[in-house]
Amino acid sequence: MTTTRRGLLQFLGGSAVGALFTPAPWRLITDTALWSENWPGIPRPARGEIRAKFTNCSLCTAGCAVRARSVGDQPVALAGVAGGLCPFGLTAHHLPYHPARLKQGPVKEAAAAVADAIAQCGPSEHVAVLDLRPGRTASWTYRRAMASVHNGLYLAPPEPTVAVNLRNAKTVLSLGAPLLDGWGTPADVFAARDGFRLIQAEPIESRTAALADQWIVWDRPPGLSADATSLSALAQAIAGEMTVSEAATITGLPADQIQSLVKELKDNGPALVVDSEMSPAVVALNVRLGSWGRTIGPRQEAPVPESWKKAAPRTDLAAVPDRSIRVLLIDESTPGEYLPWESIEKKLAANAVVGAFAPWTQGYGRHAQYVLPTAVYPEALDDIPPAIDSVAAAFRIAAPLVAPPAGMVSPVEFIAGAAGLPASDALRERADAIHKAGRGTLVTYADGKSIPVKDVKPEDFWKSLNAGARWVDGALGAAVAAAGVASGLGGADPLVRSRPPGRLSAPAQQADEGVGSGPGGPPHYPLTIVTESRAAFLSSPLLSQIYQESNLRLAPNRIALHPTDAASSGIADGAHAFLETRDGKREVQVTVDSSVRPGVVLVVGQTDTASSGAKVVRI
Amino acid sequence: MRGIIPFVAGAAIALSAGWAGFPYAIYKSRPQPVDFSHRVHAEKAGAKCEDCHAFRNDGTFAGIPSLDKCTGCHAAAMGTTAAEKNFIDQYVTPQREPQWAAYARQPENVFFSHIAHVKLGQVKCETCHGDQGSTDKLPRYQEDRISGYSRDIWGTAGRPGMTMDNCVDCHRKQKLEREHSCLECHK
Ligand code: SF4
């Protein structure tokens, strides 16, 4: 029998028809579909024992208590302990997988370059550490390190000197502070919210203004926090030393509004006046209102070992002579304050060595010669400085929930090593110092118990802190535990009743440095600067993906103008321009936003410009 | 008439290959790493299913026990069989976890709650895992070459399989509601 082409085709046709009556083609379709649901590209959920781990969120100073649901060693969901987390905290277990994550860096080269530069540092040159989140144990190490090198400087943004207690307040006047928007500890602020009447005074309808009981559109003075004259006028009106109409002229508010404000602050106490950074003028006003020790008091710090106290003081970047920093090491491993690069750059010597410690490829790493990768929350071991509404000293550790990848650098070890400090476990030493002081209470999250520190052994104290706990000073610890260990430390107790700082015990009379402070203002600076939220983490490179790249909030290099001001300067939305103040100028990108008040330029983060008028010049 | 012969021959070959050859060719199989007898453990040691295949405190199912559990009794050889010697030499002494192939392991896109079936639904282990608990030898593990799924959930061909159809069939038979509730299983 010969094989013909026709016969072959008939055979193939028969095979095809026959195959249709077998499971093979249908099974292949099903299997391919199943394979496509599980192919190598899809994420693999972790498998293993489901456990709860506890830690504290270090993304901002609120330091919320966190319960992490972990499968094996992998955290898969974060939640607050008896209180909420903000959206950033809730999703923080994704941060280690951020696409901009830095995975390696020239560690040896950086160490050699820094050592060389320190050795060659001239007599008028400085070695400096820029700590963007002061108040941590790491900050103490930096200060000690800088005390041990010749001409060492510890640079850091100022820390608030006071703490507020919203639970004790009946009336709160907020001068542009983002009170309900990440300024304090969210769980505590909202827990206390029903107990006080909130009057929000600011030029734009912020989220806090929208949620306040009353919103006062106070666009003059514009740099509210810096406008000591207006606050002083308000204080004098409260004390009856100035008439309401005089205060109205100075503050720019209608007389009847001043009248009702004064009445409310006086009659519905305890009152509290806040601004973003609790400026001296605001503290003075609180003192005048009799709020010291009730709704506001000094900020407390957890004990530190005696031997640490020989540490370099904080130096303001502005106070450093230009072109004098030979070595600058910037710790931006945790979200903190942002300083414009222009203000840093002018302080650098021509041959300066700049190293940045960062988990991301963005941030100051763009300007540094050496960018060294660091662990990020929830991989990093760090402690958290007290929040603005922490009425008692506290010590909280952000214990790692996952191991950091190989090759991460510890900025503390690097800087201590470069300065020749002997290697030590500073967090442990601090915990031991706290334990030795024998004060306060250990509040553990897993069981919600609070135990007096004197009843806990040092080893157990350290273990508990690493397993999700906080130390709270004094009797407040018990109050915190009773309140459900939530997140912050605001208890019902009064604040520490120390004497108010002397310079604050009288109404502030400082000369007004504010911008635009008088109606006339300098004519060549027609715009007034208003700083947006000081919730520093929002302007951190950490959250740039969410907020800054999508322009939901102003990035540090952006300003916002009302369309009429933008038009009169000939600037379009997204255009680059110079923001000029009497202190200098820097390049910015402009967002044109009709929610900004006319005559105002809205900037983010830094307050060093908030006291001056400004103009925006098209590039 | 002669023209139909190649057609019929082709159809016959495809039918026999599709019905007789394909079901075997689509699977690859491998033996379990240890020659394990459920029967010996159940009868001689009096072990119950849940003694080794336990629920954790949080309700998750621990599945196949880890070496720690085995070494609770097998820290040293218990008997002189070749299987016991192999187990001690290969796994217990070097503290190496046996790489068991789990017949019932769910793919990554499925969430299966053992405790919901066993405690809430009162489904007996045997309903899904058959007589596995009384067998003398673990059958070879058979895995679909394309989908990577286990052939069935107790190691013998023709038993309930791992596909969604199998789940839905059972739920239908039990007249359970929510048989089409996607997010129950695909969370
Ligand atoms: S408020 Fe701050 S500490 Fe609390 S969860 Fe959010 S980022 Fe973390």
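Looking at B:87, B:61 in this structure, which one is away from chain A (no Cβ under 12 Å), aromatic (Phe, Trp, Tyr) and either open to solvent by 40 Å² or more (accessible area, probe 1.4 Å) or touching a residue at least 24 places away in the same chain (Cβ under 8 Å) (or both)?
B:87
Would you point out which residue out of A:176, A:184 is on the phi > 0 side of the Ramachandran plot and buried (at least 21 other Cβ atoms within 10 Å of the Cβ)?
So the residue among A:176, A:184 that is on the phi > 0 side of the Ramachandran plot and buried (at least 21 other Cβ atoms within 10 Å of the Cβ) is A:176.
Return yes or no: is residue A:448 open to solvent by 10 Å² or more (accessible area, probe 1.4 Å) and under 13 Å from residue A:394 (Cα atoms)?
Spelling it out, it is not the case that residue A:448 is open to solvent by 10 Å² or more (accessible area, probe 1.4 Å) and under 13 Å from residue A:394 (Cα atoms).
Mind telling me which of the residues A:62, A:19 ends up being more than 16 Å from the ligand (Cβ to nearest atom), in contact with a Pro (Cβ under 8 Å, 6 or more places away or on another chain) and of a type in the set (A, V, I, L, M)?
Step by step, each of A:62, A:19 is checked, and only A:19 is more than 16 Å from the ligand (Cβ to nearest atom), in contact with a Pro (Cβ under 8 Å, 6 or more places away or on another chain) and of a type in the set (A, V, I, L, M).
Could you pull out every one of the helices (runs of 4 or more DSSP H) wholly within the stretch A:72-169 that has 2 or more residues that are under 21 Å from residue A:396 (Cβ atoms)?
Filter on the stretch A:72-169 gives A:87-90, A:137-148.
Can you pull out the residues in the stretch B:90-117 that are touching a residue at least 60 places away in the same chain (Cβ under 8 Å) and either farther than 13 Å from residue B:154 by Cβ or among the charged types (D, E, K, R) (or both)?
Once the filter is applied, which keeps residues that are touching a residue at least 60 places away in the same chain (Cβ under 8 Å) and either farther than 13 Å from residue B:154 by Cβ or among the charged types (D, E, K, R) (or both), the stretch B:90-117 yields B:98, B:99, B:100, B:109, B:110, B:111, B:112, B:115.
Scan the stretch B:7-42 residue by residue and report those that are closer than 23 Å to residue B:149 by Cα, in contact with a helix residue (DSSP H, G or I) (Cβ under 6 Å, 6 or more places away or on another chain) and more than 7 Å from chain A (Cβ to nearest Cβ).
B:34, B:35
From the list A:294, A:314, pick out the single residue that is open to solvent by 30 Å² or more (accessible area, probe 1.4 Å) and within 30 Å of residue A:236 (Cβ to Cβ).
The unique qualifying residue is A:294.
Do you know which residues across the stretch A:34-59 are within 16 Å of the ligand (Cβ to nearest atom) and either part of a loop (DSSP other than H, G, I, E, B) or within 11 Å of another protein chain (Cβ to nearest Cβ) (or both)?
If the condition is that a residue be within 16 Å of the ligand (Cβ to nearest atom) and either part of a loop (DSSP other than H, G, I, E, B) or within 11 Å of another protein chain (Cβ to nearest Cβ) (or both), then A:57, A:58, A:59 are the ones that fit.
I'm told residue A:71 meets every condition in (1) open to solvent by 40 Å² or more (accessible area, probe 1.4 Å); (2) more than 10 Å from the ligand (Cβ to nearest atom) except one. Can you identify the failing condition by its number?
Of (1) open to solvent by 40 Å² or more (accessible area, probe 1.4 Å); (2) more than 10 Å from the ligand (Cβ to nearest atom), only one is false for residue A:71: (1).
In this structure, does residue A:193 turn out to be out of contact with any strand residue (DSSP E or B) (no Cβ under 9 Å at 6 or more places or on another chain) and closer than 30 Å to residue A:561 by Cβ?
In short, no.
Which is more than 14 Å from chain B (Cβ to nearest Cβ), open to solvent by less than 60 Å² (accessible area, probe 1.4 Å) and at pLDDT 95 or above, of A:100, A:79, A:111, A:65?
On inspection, the qualifying residue turns out to be A:111.
Quick grid of which residues meet (1) over 20 Å from residue A:151 (Cα atoms); (2) of a type in the set (A, V, I, L, M, F, W, C):
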position: A:267; (1), (2): yes, no
position: A:277; (1), (2): yes, no
position: A:281; (1), (2): yes, yes
position: A:303; (1), (2): yes, no
position: A:313; (1), (2): no, no
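Could you list, in sequence order, all residues of the stretch A:82-97 that are open to solvent by less than 30 Å² (accessible area, probe 1.4 Å) and either within 14 Å of chain B (Cβ to nearest Cβ) or more than 12 Å from the ligand (Cβ to nearest atom) (or both)?
Matches in the stretch A:82-97: A:96 only.
The values are calculated or read from the model by the stated rules, or taken from the named source; none is laboratory data. Just so it is clear, the structure is predicted and the values come from calculations on it, not from any experiment. Because the Cβ atoms are built from the backbone with ideal geometry, glycine has one as well, and the counts that use them run over all protein chains shown. Ligands, DNA and RNA are excluded from the accessible area calculation, which covers all protein heavy atoms including side chains. Shrake-Rupley method; radii C 1.70, N 1.55, O 1.52, S 1.80 Å.
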